[in-house]
Amino acid sequence: MSRSPGITACVFDAYGTLLDLESAVEPHRAALGGSAAGFLKLWRGKQLEYTWLRTLMGRYADFAQVTADALDYACDSFGVRDPALRAGLLGGFERLQAFGDAGETLARLRTAGIRTAVLSNGTPAMLTAAFEASGLAPHLDRVLSVEAVSKYKPAAEVYALAASELAAGAGELLFVSANAWDISGAASAGLVTAWINRAAAPRERLPFGATHVVGSLSEIPALAGRSSGFAE
């Protein structure tokens, strides 16, 4: 099998793309009761909001702090006062489970000669713990954190970090995310993009939409292969 110049690496978002955020609250669903889904939605929403605001204000704090701050907001909003429950929820972010098709997808890419990398808001320690817990670590060539630039996605410097660290042109990287705003940021930076639109959501009204839209991670190897010009 030979490959003409094209996609040389697939760069994945971590949270919500490879790692299932629902697994952070699943062990605590009974304690949270019927509010579990709403709790996670608010926690995640505030987590992202704080990254964007901190970047705009030039007040960077690492993702561990941002995650804890967002959790405290959600706890206050839902009246969660149990310190043990809070600790369990926060620890759950380092024990996230992978989506069912994540491991096979990464393995197929590497078998095809395409490097696999992660570009994430997470701290190196958070990402190491989560990828070890999820079993995905052996399938990843590189794990890159925004800590290297002290800014969060969708800052252009974050996506430039992937091209720099992988020694590849932006057009050689297929950036994969389940977050449409993240896709817009990567596309704005010149990366080829694939939006994992699991929920069949409408497109965002943002510039620089996705190059490709697919419904699952399992579609990425074939997509990357076509973009790379594989020839049997």
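Every number in this text was worked out from the coordinates using simple rules, so none of it is lab data. None of these values were measured; they are calculated from a predicted model. Here Cβ is always computed from backbone atoms with ideal geometry, including for glycine, and neighbour counts include all displayed protein chains.
In the chain, helices alone account for a calculated mean residue ellipticity at 222 nm of -13500 deg cm²/dmol, with every DSSP H run of four or more residues adding -39,500 (n - 2.57).
Label-to-label distance, residue 164 versus residue 31, with points set 7 angstrom from Cα along the beta-carbon direction: 4.0 nm.
Modelled spin-label separation between residue 200 and residue 216, with each label point placed 7 Å from Cα along the Cα-to-Cβ direction: 1.5 nm.
Placing unit charges on the Cβ atoms only, positive for Lys and Arg and negative for Asp and Glu, gives the stretch 70-146 a dipole magnitude near 240 debye about its Cα centre. Relative to the dominant Cα principal axis of the chain, helix 124-134 is inclined by about 80°.
With the convex hull of the Cα atoms taken as the outline of the stretch 14-56, the averaged projected area works out to 3.3 nm². Reported value for the stretch 1-92: 142 Å³ per residue, from the convex hull of its C-alpha atoms.
Shape summary: the stretch 163-202 maps onto an equivalent ellipsoid whose semi-axes, from the alpha-carbon gyration tensor, are 22, 9, 7 Å in decreasing order.
Over all distinct Cα-Cα pairs of the stretch 103-178, the Kirkwood formula returns a hydrodynamic radius of 13.0 Å. Convex hull volume of the C-alpha atoms in the chain, normalised per residue: 117 Å³.
Taking 0.36 nm per residue of sequence separation and removing the Cα-Cα distance, the residue 84/residue 148 pair yields an extension gain of 19.8 nm. Relative intensity of the stretch 58-141 on a log10 scale, I(q)/I(0) at q = 0.13 Å⁻¹, equals -0.54, per a Debye sum over C-alpha point scatterers of equal strength in the absence of solvent. Ratio of Rg to Rh for the stretch 76-213: 1.00 [Cα atoms; Kirkwood radius as inverse mean 1/r over pairs]. Each Lys and Arg adds +1 at its Cβ and each Asp and Glu adds -1 at its Cβ; summed about the Cα centre, the chain shows a dipole of about 320 debye.
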